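These notes concern the structure reproduced below.
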Amino acid sequence: MRNILVLLLIVLAWSCSKPQSDQTIVIRGKVEFPDSTFKMMIFRYKNFERQYVDSFQVNPDNSYEVTMKVEEPGVYTLDCQKWQSVQFWAEDEDLSIDFRGRDTAKIVIKNPPYVHIQGGPDNELMNLLNFDKYRNYQMMIAISKGIYKTLSDQPEKYNELSGELFSALSNDGNARTRYIVEHYADRKSVMAAVYKLNPEKDSALINKTLATLEQKFPGYQLIETYRQEVTEKMEKERKVAIGQIVPDFLYATREGKKVSPGDFRGKFLIIDFWASWCGPCRKEIPNLKEVYAAYKDKGVEILGVSIDKKEAEWLKALDEEKMDWTQIHADDEGKQLMSDFQF
């Protein structure tokens, strides 16, 4: 009898300490103009890496439904066949999300319409964040068109006014995010907005919000996760601040020679992170060529670091751009570099 009681106590203790089964949520909706070329996908970004959760097809009647296993609550993205996407909060709310889908216009412009989420309180907050981001992007387009129409023949004034207006637009977006954090601190998904704030400049608001959340949801793990991630991020930013020694890395040239920043000691070194698919990066190359031509005899060197996924695409871009300085390829798509240099 004593042995049976001991066994029961062991089983009871084990069952109490055993983690709860993973939460699942159901996401369903319709796609008005589906594109069978691609699947629907769910993914999230973590540590500068896109992590895929699930993929599925749209049904013949244009509907879709998926049961998502939520191993960790947070912000995820539902991608509609590469035509539209929306960020949602995955935890304990079933969701209904309809998409327009494929752009049926004669001239396709990459500016998909806003996507609304039908769900609970946590995703009501996500709707606010998503709509604010959408409107911010529309304003950016409108400002760009207006300035270009007026000052396209005056590049200096165009650049000056663009910088001022885009800075104002960014400040407006930050103010809206702070408003959402301040007034929706009782919802778990407020963490999505907290991550958008500046940990130093907005520290008072962040601490107040986390305290409110802890009071309502004692022991909520995402709060501690956030604090750990911010501490790590600030430490990494400190390591790349002005005056610090550059983080080291070692990658190969097209000839297979391993090169690191340390090989350029005694020179002024420009490190150019780029990729063949990055339009702005490649648009900057003519400017780098001018700098290199003007200063290479005065001790200035450039180290090009590609974060291309495929080496063949990097090599093709090298042949096209014909850059005279050292080029190396990060064989991990730049994941470690993005973490170390915080870009």
**Prompt:** Cβ-Cβ below 8 Å, separation at least six or inter-chain, first residue in the stretch 308-320 and free of Cβ contacts under 8 Å to residues at least 40 places away in the same chain, second open to solvent by less than 80 Å² (accessible area, probe 1.4 Å) and assigned to a helix (DSSP H, G or I): which pairs?
**Reply:** ASP308/TRP314; ASP308/ALA317
**Message:** Taking the conditions exactly as written (open to solvent by 50 Å² or more (accessible area, probe 1.4 Å), modelled with pLDDT under 95 and either in contact with a Phe, Trp or Tyr (Cβ under 9 Å, 6 or more places away or on another chain) or part of a helix (DSSP H, G or I) (or both)), does GLU156 satisfy them or not?
**Reply:** yes
**Complete:** Residues of the stretch 133-153 being open to solvent by 60 Å² or more (accessible area, probe 1.4 Å) and touching a Leu at 6+ places or on another chain (Cβ under 7 Å), in sequence order, are MET139, MET140
**Request:** Out of the residues in the stretch 28-55 that are closer than 26 Å to LEU337 by Cβ and of a type in the set (Phe, Trp, Tyr), state the one that is surrounded by the most Cβ atoms within 10 Å (Cβ to Cβ).
**Result:** PHE43
**Request:** Output the residues belonging to the stretch 276-312 that are part of a helix (DSSP H, G or I) and under 23 Å from the mean Cα position of the chain (by Cα).
**Result:** GLY279, PRO280, CYS281, ARG282, LYS283, GLU284
**Asked** Across the stretch 208-244, what is the number of residues that are hydrophobic (A, V, I, L, M, F, W, C), open to solvent by less than 60 Å² (accessible area, probe 1.4 Å) and out of contact with any Asp or Glu (no Cβ under 8 Å at 6 or more places or on another chain)?
**Response** 6
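Assess whether ILE180 counts as being under 22 Å from ASP92 (Cα atoms), touching a residue at least 40 places away in the same chain (Cβ under 8 Å) and touching a helix residue (DSSP H, G or I) at 6+ places or on another chain (Cβ under 9 Å).
yes
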**Message:** For the stretch 159-182, give me each residue that is small (Gly, Ala, Ser), surrounded by 13 or more Cβ atoms within 10 Å (Cβ to Cβ) and more than 22 Å from the chain's Cα centre (by Cα).
**Reply:** SER162
**Item:** Neighbours by Cβ (under 7 Å, 6+ apart or cross-chain): first from the stretch 25-44, free of Cβ contacts under 8 Å to residues at least 60 places away in the same chain and over 20 Å from PRO73 (Cβ atoms); second of a type in the set (Gly, Ala, Ser) and open to solvent by less than 60 Å² (accessible area, probe 1.4 Å)
**Value:** LYS39/SER55; MET40/SER55
**Item:** Test result for THR24, loosely packed, with under 15 Cβ neighbours inside 10 Å and either assigned to a loop (DSSP other than H, G, I, E, B) or β-branched (Val, Ile, Thr) (or both)
**Value:** yes
**Item:** Selection within the stretch 193-248 - among the small types (Gly, Ala, Ser) and touching a residue at least 60 places away in the same chain (Cβ under 8 Å)
**Value:** ALA193
**Request:** Can you tell me which residue within the stretch 257-268, out of those that are at pLDDT below 95 and exposed (fewer than 11 other Cβ atoms within 10 Å of the Cβ), is farthest from VAL181 (Cα to Cα)?
**Result:** GLY266
**Message:** Given the criteria surrounded by 13 or more Cβ atoms within 10 Å (Cβ to Cβ), touching a residue at least 40 places away in the same chain (Cβ under 8 Å) and under 28 Å from MET139 (Cβ atoms), does TYR251 qualify?
**Reply:** no
**Item:** Sole exception among (1) assigned to a loop (DSSP other than H, G, I, E, B); (2) touching a helix residue (DSSP H, G or I) at 6+ places or on another chain (Cβ under 8 Å) for PHE273, by number
**Value:** (1)
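The values are calculated or read from the model by the stated rules, or taken from the named source; none is laboratory data. Computed from a predicted structure; not experimentally measured. So basically every Cβ, Gly included, is an ideal-geometry build from the backbone, and we count neighbours across all protein chains shown. For accessibility, only protein heavy atoms count, side chains too; no ligands or nucleic acids. Shrake-Rupley method; radii C 1.70, N 1.55, O 1.52, S 1.80 Å.
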